[in-house]
Amino acid sequence: MQHFVVVGAGQAGSSLVSKLRSEGFGGKITLIGAEAEPPYQRPPLSKAYLLGEMPKDRLYLRPKSFYTDQNIDLMLDTRAVDLDSERKVLTLSTGEELNYDALALTTGSHPRTLPAAIGGTLDGVMTVRDLRDADTMAPYFAAGKKALIIGGGYIGLEAAAVAAKRGVDVTLVEMADRILQRVAAPQTSDFFRDLHTKHGVKVLEGVGLDTLIGDEHVSGAKLTAGSEIDIDFAIVGVGIVPATALAEAGNLDIENGIKTDAHARTSDPSIWAAGDCATCHFKGSDIRIESVGNAIDQAEVAAKNMLGLDVPFQPKPWFWSDQYDCKLQIAGLNMGYTDVVVRAGDDGAVSHWYYEGGTLIAVDAMNDARNYMIGKRLIEAGKSPAPDVIADPDTDMKALLRA
């Protein structure tokens with residue numbers, strides 16, 4: 001009987017093993033997870049779960065019984081610590097060796113942390129990545145507390161929104177010239193800066209952290225602008241790095257993540273990879289797409305190809321972020337954009353349409369689900385309405401799909 005092993009029990013890993021079964025694989029499946037919890041959703045950790053609006057059991061992607069019913073061996077609280085790709089053997093943290101016929105790496109990513117030399121290891125300095133992180137920081141989110149958010153990307157902004165809604169005095173610092181500089185146009189940065197400022201968050205751009213202050217617990221921060229502030233806790237949101245240690249141990253090719261071909265296969269013909277840890281091909285480049293949608297889609301393609309179906313992976317990037325009462329939805333990737341068109345909607349809704357030359361490549365939609373869906377469908381169909389058509393408030397947007 002063939003044995004397929006999947007390392008990493010997150011969104012990608014759960015999707016992959018489920019797809020193996022739904023595609024008719026009758027062999028043995030083992031899913032290895034480093035955490036004690038069965039696979040769960042991560043996006044709500046910095047949103048609804050941290051706000052106390054989503055109970056823990058609703059985080060789970062599937063009930064634990066699903067894995068039993070599907071005859072999937074779910075090994076929790078277990079790490080794969082070494083990979084011998086020549087022998088097709090994994091060594092586990094328990095000391096056990098596990099043989100496989102095909103292996104998938106869905107190991108995800110790790111949050112970047114601050115060095116100890118500037119106070120990164122003080123108590124009260126936290127990242128938002130897993131359930132334990134969210135549970136650790138939840139008690140800090142109390143009215144009257146003072147927080148420093150380091151990093152003006154989506155994770156930092158989401159944490160700032162939750163803290164502000166809880167009555168925390170929030171200061172957010174972003175070393176770049178503007179928040180969201182790496183991922184969004186100035187128009188989107190302006191929208192979210194205004195949104196956070198209206199909710200009382202102090203947004204400091206072009207300002208970084210010099211050092212955190214405290215004996216054992218963080219009590220203050222010195223900023224690069226020279227000022228010092230008192231704080232009760234700090235949240236670090238300065239990006240993630242792909243979890244490639246196991247792939248490196250197996251001598252797989254690494255290029256900004258585990259390098260995969262158009263079929264999600266690694267440099268070893270018996271090993272696939274999917275999710276945050278893996279690259280994919282998009283418009284002639286090898287990139288990583290850090291999103292739930294990509295994790296699911298790439299994992300399902302990997303599962304099919306582990307079964308010999310020879311299906312190419314064609315990324316269709318989409319993302320979302322919830323901040324206060326604003327839902328941001330993003331379709332496409334704005335890499336290489338040359339122009340941005342702003343389209344105003346009803347009741348404060350707005351969408352930003354990214355063009356590379358005359359080609360529509362991405363849309364940011366704020367509380368504008370209708371135009372998000374239209375933009376997503378246009379991009380996937382390769383249709384590019386003229387920018388002045390998008391900007392015209394009288395344009396029948398649905399008609400663009402039929403053009």
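The values are calculated or read from the model by the stated rules, or taken from the named source; none is laboratory data. In this text, all values refer to a predicted model and were calculated from it rather than measured experimentally. Backbone-built Cβ (ideal geometry, glycine too); neighbour counts: all protein chains shown.
Things worth noting here:
- Subset of region 326-353 (residues that are in a loop (DSSP other than H, G, I, E, B) and touching a residue at least 12 places away in the same chain (Cβ under 8 Å)): L333, N334, M335, G336, Y337, T338, G345, D347, G348, A349
- Among (1) touching a helix residue (DSSP H, G or I) at 6+ places or on another chain (Cβ under 7 Å); (2) surrounded by 17 or more Cβ atoms within 10 Å (Cβ to Cβ) - the single one L204 does not satisfy: (1)
Residue by residue, here is whether (1) free of Cβ contacts under 8 Å to residues at least 24 places away in the same chain; (2) in contact with an Asp or Glu (Cβ under 9 Å, 6 or more places away or on another chain); (3) among the basic types (K, R) holds:
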residue: R288; (1), (2), (3): no, yes, yes
residue: G308; (1), (2), (3): yes, no, no
residue: P315; (1), (2), (3): no, yes, no
residue: W318; (1), (2), (3): no, no, no
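- Residue within region 178-197 that is touching a His at 6+ places or on another chain (Cβ under 7 Å), assigned to a loop (DSSP other than H, G, I, E, B), touching a residue at least 12 places away in the same chain (Cβ under 8 Å) and outside the structural domain of A362 (by TED's automatic domain parsing) present: yes
- The residues in region 321-341 that are hydroxyl-bearing (S, T, Y) and over 10 Å from Y354 (Cα atoms) can be counted, and the count is 2.
- Enumeration of residues in region 170-189 that are surrounded by fewer than 23 Cβ atoms within 10 Å (Cβ to Cβ), of a type in the set (D, E, K, R) and modelled with pLDDT of 95 or more: D177, R178
So that you can scan it fast, the table gives a plain yes or no per residue for (1) surrounded by fewer than 18 Cβ atoms within 10 Å (Cβ to Cβ); (2) under 14 Å from the mean Cα position of the chain (by Cα):
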{"position": "C280", "(1), (2)": "no, no"}
{"position": "G308", "(1), (2)": "yes, no"}
{"position": "V311", "(1), (2)": "yes, no"}
{"position": "P315", "(1), (2)": "no, no"}
{"position": "W318", "(1), (2)": "no, yes"}
{"position": "S321", "(1), (2)": "no, yes"}
{"position": "N334", "(1), (2)": "no, no"}
{"position": "V341", "(1), (2)": "no, no"}
{"position": "D347", "(1), (2)": "yes, no"}
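- Of the residues G257, G250, G220, the single one that is crowded, with 16+ Cβ neighbours inside 10 Å, touching a strand residue (DSSP E or B) at 6+ places or on another chain (Cβ under 6 Å) and free of Cβ contacts under 8 Å to residues at least 12 places away in the same chain is G220.
- Pick from region 115-133, criterion of a type in the set (A, V, I, L, M, F, W, C) and within 15 Å of the chain's Cα centre (by Cα), ranking: surrounded by the fewest Cβ atoms within 10 Å (Cβ to Cβ): L131
- Being surrounded by fewer than 17 Cβ atoms within 10 Å (Cβ to Cβ) and in a strand (DSSP E or B) is a property that does not hold for V6.
- Residue in region 32-42 that is assigned to a helix (DSSP H, G or I), under 16 Å from the mean Cα position of the chain (by Cα) and not aromatic (F, W, Y) present: no
- For region 223-244, taking the residues that are touching a residue at least 60 places away in the same chain (Cβ under 8 Å) and surrounded by fewer than 17 Cβ atoms within 10 Å (Cβ to Cβ), the one that is nearest to V89 (Cα to Cα) is identified as V241.
- Once region 363-387 is narrowed to residues that are surrounded by fewer than 17 Cβ atoms within 10 Å (Cβ to Cβ) and in contact (Cβ under 8 Å) with a residue 40 or more places away in the chain, the residue that is nearest to S321 (Cα to Cα) is A369.
- Within region 207-217, considering residues that are part of a strand (DSSP E or B) and not β-branched (V, I, T), the one surrounded by the most Cβ atoms within 10 Å (Cβ to Cβ): L212
- Residue within region 149-169 that is farther than 21 Å from P44 by Cα, buried (at least 19 other Cβ atoms within 10 Å of the Cβ) and touching a Ser or Thr at 6+ places or on another chain (Cβ under 9 Å) present: no
- Restricting region 80-114 to residues that are of a type in the set (D, E, K, R) and surrounded by fewer than 17 Cβ atoms within 10 Å (Cβ to Cβ) leaves a set whose member that is farthest from K304 (Cα to Cα) is R112.
- Residue check: T395 meets all listed conditions (1) surrounded by 14 or more Cβ atoms within 10 Å (Cβ to Cβ); (2) on the phi > 0 side of the Ramachandran plot but one, namely (2).
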